[in-house]
Amino acid sequence: MGKTRNCIACGMPMTRPEDFPGGDATKDYCVHCARPDGSMQSYGEKLDSMTGFMVKTQGLDPGAARKLAAGMMSRLPAWKDLSRNSP
């Protein structure tokens, strides 16, 4: 595929066709940030997903995980222009 791209919504490196929704490498977001129809998840959907992922994989308290996820998301291209100071 050539150059590695990072998902605009979660930051995941996308290097293989299966990293993209439906294998569509024209998408700027990864398969984990896509809804079943291939469209990108909303801010709230992604925040909930990232929070759950952090709780499950890092054992964080849900409140702490949500705060951490919101902070990480605020630095990503898909969400940086949102004026959300608190999740």
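The values are calculated or read from the model by the stated rules, or taken from the named source; none is laboratory data. Here the structure is a predicted model, which means the values were calculated and not measured. Cβ atoms come from the backbone with ideal geometry, glycine included; neighbour counts cover every protein chain shown.
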### Query
Which numbered condition trips up Gly2, out of (1) modelled with pLDDT under 95; (2) not in a loop (DSSP other than H, G, I, E, B)?
(2)
### Query
Can you spot a residue in region 15-36 that is in contact with a Ser or Thr (Cβ under 7 Å, 6 or more places away or on another chain) and among the β-branched types (Val, Ile, Thr)?
yes
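Name the residue that is modelled with the lowest pLDDT, counting only residues in region 36-77 that are among the charged types (D, E, K, R) and closer than 20 Å to Asn6 by Cβ.
First, the residues of region 36-77 that are among the charged types (D, E, K, R): 37, 45-46, 48, 56, 61, 66-67, 75.
Filter again for closer than 20 Å to Asn6 by Cβ, leaving 45-46, 75.
On the way: Glu45: 97, Lys46: 97, Arg75: 94.
If we take residues in region 36-77 being among the charged types (D, E, K, R) and closer than 20 Å to Asn6 by Cβ, then Arg75 is modelled with the lowest pLDDT.
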## Note on the structure
From the option list Asp28, Asp61, single residue qualifying as out of contact with any strand residue (DSSP E or B) (no Cβ under 8 Å at 6 or more places or on another chain) and not hydrophobic (A, V, I, L, M, F, W, C) is Asp61
### Query
What are the residues in region 38-78 that are of a type in the set (S, T, N, Q), under 22 Å from Pro21 (Cβ atoms) and outside any helix (DSSP H, G or I), if any?
Ser39, Gln41, Ser42
### Query
Among (1) surrounded by 12 or more Cβ atoms within 10 Å (Cβ to Cβ); (2) assigned to a loop (DSSP other than H, G, I, E, B); (3) touching a residue at least 24 places away in the same chain (Cβ under 8 Å); (4) not polar (S, T, N, Q), which single condition is Lys27 missing?
(3)
### Task
Would you check if Gly22 is surrounded by fewer than 15 Cβ atoms within 10 Å (Cβ to Cβ) and small (Gly, Ala, Ser)?
yes
